[in-house]
Amino acid sequence: MTKPDVNRLKTLLPADLAQRVQSLRFAEGRASVVIDATGLSVQDRAGLEQRVSGALEGEPGLTEVRVATMADKPVRRILAVGSGKGGVGKSTLAANLAVALSRLGRKVGLVDADIYGPSQARLLGTEGQRPVAHESRLVPVASAFGVPVLSMANLLEPGQAIAWRGPMVAGALTKMLEGHWDNAEIVVVDLPPGTGDVQLTMLQKFKPAGAVIVSTPQDLALMDATRAVELFQKSGVPIVGVVENMAGYACPHCGEVSDPFGAGGAEAAARDMGQAFLGRIPLDIAIRRDSDAGKPPAAGEGSQAEAFAALAAKVSDWLDGH
């Protein structure tokens with residue numbers, strides 16, 4: 001087959017594939033096509049060979065089509081979200097931070113590393129969906145908000161308890177972090193509270209680029225947040241900054257602002273530790289209601305979305321600077 005015939009083969013391909021062709025050769029009845037698969041999902045890559053073969057099928061003299069793919073490996077960084085203490089709204093903040101980063105144009109994935117108490121399936125509205133495996137690796141579940149997620153909640157029946165020891169928990173975390181994250185540049189990891197097996201496994205096997213620490217303004221939460229900061233620092237993980245969550249409650253009837261958990265404590269603690277203060281997220285019934293409904297406030301409009309957008313902008317700037 002002559003060169004013009006090779007060019008004809010390329011014209012038979014759909015436009016989206018033709019522009020991805022890196023090389024196309026023909027010899028002894030066999031067409032060999034190299035496709036640039038950068039940016040394609042695992043599912044789209046899996047269907048490339050069938051699409052190319054289908055487009056070229058029936059061409060005179062062509063008996064076999066071989067398809068190879070190539071793609072630039074994305075630089076992927078882990079962003080840990082930790083607290084040291086439960087009940088501070090860390091999972092809600094992690095989900096909304098991931099969504100807000102995605103709205104800034106970042107390619108973001110989310111790992112729910114709280115193995116015993118997974119909640120990201122509820123927060124991102126993916127309950128009932130199960131991840132599939134491709135080449136022995138998990139393919140994250142797509143959400144409606146542009147953030148794919150892997151969570152034990154998508155692998156278990158609702159309400160099913162997890163009675164695992166440390167090695168099994170570490171294995172589950174590894175499977176999720178080594179999933180098919182495609183072109184995600186940032187994987188936000190929602191850590192369980194405390195400084196136990198999951199944190200140590202991640203620090204030893206998957207060095208985060210940085211850690212966001214979440215705390216309420218009250219003293220008890222700040223004590224544990226300080227311990228979380230120390231763990232990351234000892235492991236050489238930079239602290240992006242501290243977020244004060246559930247900060248201030250505006251009465252929906254009279255508009256008066258009260259501070260049931262105190263005010264300014266996380267900012268003062270960040271200053272004392274020499275860490276950046278990333279801002280406050282209010283105690284707002286709309287955040288609770290929308291989160292329970294699987295509709296992250298960060299995906300919408302209004303003051304709640306603006307608070308998460310401001311946080312994401314600071315985190316994004318930090319990532320660009322490091």
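The values are calculated or read from the model by the stated rules, or taken from the named source; none is laboratory data. This structure is a prediction, so every number in the text was calculated from the model and none was measured. When we count neighbours, we look across all protein chains shown, and the Cβ atoms used for this are built from the backbone with ideal geometry, even at glycine. All accessible areas refer to the heavy atoms of the entire protein, side chains included, with ligands and DNA or RNA removed. Shrake-Rupley method; radii C 1.70, N 1.55, O 1.52, S 1.80 Å.
Residues that are assigned to a loop (DSSP other than H, G, I, E, B) and open to solvent by less than 80 Å² (accessible area, probe 1.4 Å) within the stretch 153-172 comprise Leu155, Leu156, Ile162, Trp164, listed in sequence order. For the stretch 1-95, the helices (runs of 4 or more DSSP H) that sit wholly inside it and include 3 or more residues that are at pLDDT below 85 are 3-12, 42-46, 48-56. Considered as a group, the residues in the stretch 185-210 that are more than 17 Å from Ile115 (Cα to Cα) and in contact with a Pro (Cβ under 7 Å, 6 or more places away or on another chain) include one that is least open to solvent (accessible area, probe 1.4 Å), and that residue is Gly210. Within the stretch 201-233, being small (Gly, Ala, Ser) and either on the phi > 0 side of the Ramachandran plot or not in a helix (DSSP H, G or I) (or both) holds for Ala209, Gly210, Ala211, Ser215. Within the stretch 104-152, the set of residues being in a loop (DSSP other than H, G, I, E, B), over 12 Å from Pro296 (Cβ atoms), of a type in the set (Gly, Ala, Ser) and open to solvent by less than 30 Å² (accessible area, probe 1.4 Å) comprises Ala113 only.
Condition test on Ala268, is it small (Gly, Ala, Ser), out of contact with any helix residue (DSSP H, G or I) (no Cβ under 7 Å at 6 or more places or on another chain) and at pLDDT 90 or above? Outline the logic, then answer.
Numbers: small (Gly, Ala, Ser): yes; out of contact with any helix residue (DSSP H, G or I) (no Cβ under 7 Å at 6 or more places or on another chain): yes; at pLDDT 90 or above: no.
Against the criterion (small (Gly, Ala, Ser), out of contact with any helix residue (DSSP H, G or I) (no Cβ under 7 Å at 6 or more places or on another chain) and at pLDDT 90 or above), Ala268 does not qualify.
Restricted to the stretch 264-305, and to residues there that are among the β-branched types (Val, Ile, Thr) and open to solvent by less than 40 Å² (accessible area, probe 1.4 Å), the residue that is farthest from Leu319 (Cα to Cα) is Ile287. If the condition is being at negative phi, in contact with a strand residue (DSSP E or B) (Cβ under 9 Å, 6 or more places away or on another chain) and not in a helix (DSSP H, G or I), then the stretch 278-321 contributes Leu278, Arg280, Ile281, Pro282, Leu283, Asp284.
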